[in-house]
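Where a number appears in this text, it was derived from the coordinates with a stated rule and is not lab data. This structure is a prediction, so every number in the text was calculated from the model and none was measured. Cβ sites come from the backbone with ideal geometry, for glycine too, and all protein chains shown count toward neighbours.
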Amino acid sequence: MAQPHQIIETRYSNEDGKQRYLRQLFNEGAPHYDRIGWIGSLGTGHTYRKRALKRAGLKPGMKVLDVACGTGAVTKAILQVLDGSGSVTGVDPSPGMLQQARSHVTAEFCEGQAEALPFPDDCFDFLTMGYALRHVADLHQTFAEYRRVLRPGGRLLLLEITRPKSGLALALTRFYFRDLLGWIIRLTGGNKTSREMMTYYWETIEACVPPEHILTALKESGYAGVNRRADAGIFSEYRGQIPEKQDS
């Protein structure tokens, strides 16, 4: 099984425990999640997401699936790029996160897992996943499921935070995500769950497999044009495309 990271034993002991932990963490932290995201990105997250979507080929008229949509941050950016033409559906395993998304984003939302999407084959032109690849159970299974629901020629964009390679960059990134943001969240009224969410966020970033593993898993899953664009060494955009069907 191609796990995005090994079991984090201080949090859970197996994959089932991981999914139970994540469900509780995100359900309880959902009311605070947008504020955490805004603080963490210094208010630049929405602009970055729109640019990444356009770079990956999102255009008006497309039918889009936003996997692990959370509170709808990427969904909202997709809607702005679509500009009234096309459609977007958000799917997430956390009812709490979906409740928050439905409260402020006008789109279709439903509950579901990345590894077993509740949609028929070949029904989307574009699929996104924003900062949640570290939470899936198996990279190959997830990428195969994404390929199943994408049409021939469909495009994939995975946004992720990547562990820096140099020791200094790693130390600075760890301080920012784990320590500084946790301190800011405490000062601004965040509860225990929201602080734990940031600590766990960093733990999964630090433990995640390197980009080469993700790119290889995408290629082995049958995607064409697989590549990674990196900003500041840590903001990764993984992209791929479903091959067009060949006439027989």
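If R0 equals 25 Å, the separation of the Cβ atoms of LYS165 and ARG229 corresponds to a calculated FRET efficiency of about 0.95. Only bridges with both residues in the chain count here: give the DSSP antiparallel percent, nearest 5. Antiparallel bridges: around 40 percent, rounded to the nearest 5.
Database remark: amide H of PHE235 closer than 5 angstrom to the amide H of THR162 (H placed geometrically; neighbours at sequence offset of 5 or more, or on other chains; Pro and chain starts carry no H).
Please list, by residue number, everything in region 1-15 whose backbone N is under 17 Å from a paramagnetic label point 7 Å out along Cα→Cβ of THR216. Those under the cut-off are 1-6. Phi angles across region 78-83 convert, under the Karplus curve 6.51 cos²θ - 1.76 cosθ + 1.60 with θ = phi - 60°, into 3J(HN,Hα) values of 4, 4, 5, 5, 5, 6 Hz, Gly and Pro given as x.
Farthest toward the positive end of the dipole of the chain, out of GLY45, HIS104, LEU65, is the Cα of GLY45, where the dipole comes from beta carbon charges about the Cα centre.
Amide H to amide H, with H built 1.01 Å from N, GLU108 comes under 5 Å of VAL88, GLY90, counting only residues 5 or more places away or on other chains. How tilted is helix 192-207 with respect to the longest principal axis of the chain? Cα atoms for both, answer in degrees (0 to 90, nearest 10). Orientation of helix 192-207: about 60 degrees from the principal axis. Taking every alpha-carbon pair under 8 Å whose residues sit at least 6 apart, the chain reaches a relative contact order of 20 percent. GNM on the chain, alpha-carbon springs under 10 angstrom: the most fluctuating residue among ASP66, ASP92, ASP231 is ASP231. On full extension, the segment bounded by THR10 and ILE184 gains 60.3 nm, given 0.36 nm per residue less the C-alpha separation. Simple point charges give the picture: +1 on the Cβ of Lys and Arg, -1 on the Cβ of Asp and Glu, and for the chain a dipole about the Cα centre of about 760 debye.
Against the main long axis of the alpha-carbon atoms of the chain, helix 15-40 sits at an angle near 80°. Take the alpha-carbon centre of region 181-212, take the same for region 81-119, and report the distance between them in whole Å. So the two Cα centres are separated by 23 Å. Between 0 and 90 degrees, the angle of helix 139-149 with respect to the longest Cα principal axis of the chain falls at about 40 degrees. Simple point charges give the picture: +1 on the Cβ of Lys and Arg, -1 on the Cβ of Asp and Glu, and for region 55-146 a dipole about the Cα centre of about 420 debye. Comparing TYR238, ALA224, THR89 along the charge dipole axis of the chain, the residue lying farthest to the positive side is TYR238, per the Cβ-charge model. Net charge in the neighbourhood of ALA207 (other residues with Cβ under 14 Å of its Cβ; Lys, Arg +1, Asp, Glu -1) is +2.
Segment CYS110..GLN19, full-extension length gain: 31.0 nm, with 0.36 nm per residue of separation and the alpha-carbon distance subtracted.
Overall, the anisotropy analysis places region 1-95 in the prolate class: the square-rooted eigenvalues a ≥ b ≥ c of its C-alpha gyration tensor yield a/c not less than 1.5, with a/b exceeding b/c.
Working note: 222 nm ellipticity from helices only, DSSP H runs with n ≥ 4, each -39,500 (n - 2.57), summed and divided by the residues of the chain, gives -13500 deg cm²/dmol to the nearest 500.
Look at the Cα gyration tensor of region 70-126: its axes a ≥ b ≥ c give a/c of at least 1.5 with a/b at or below b/c, and that counts as oblate. Pairs exceeding a 31 Å alpha-carbon distance, out of LYS76/LYS219; LYS63/LYS192; LYS50/LYS165; LYS165/LYS245; LYS59/LYS192: LYS63/LYS192; LYS165/LYS245; LYS59/LYS192.
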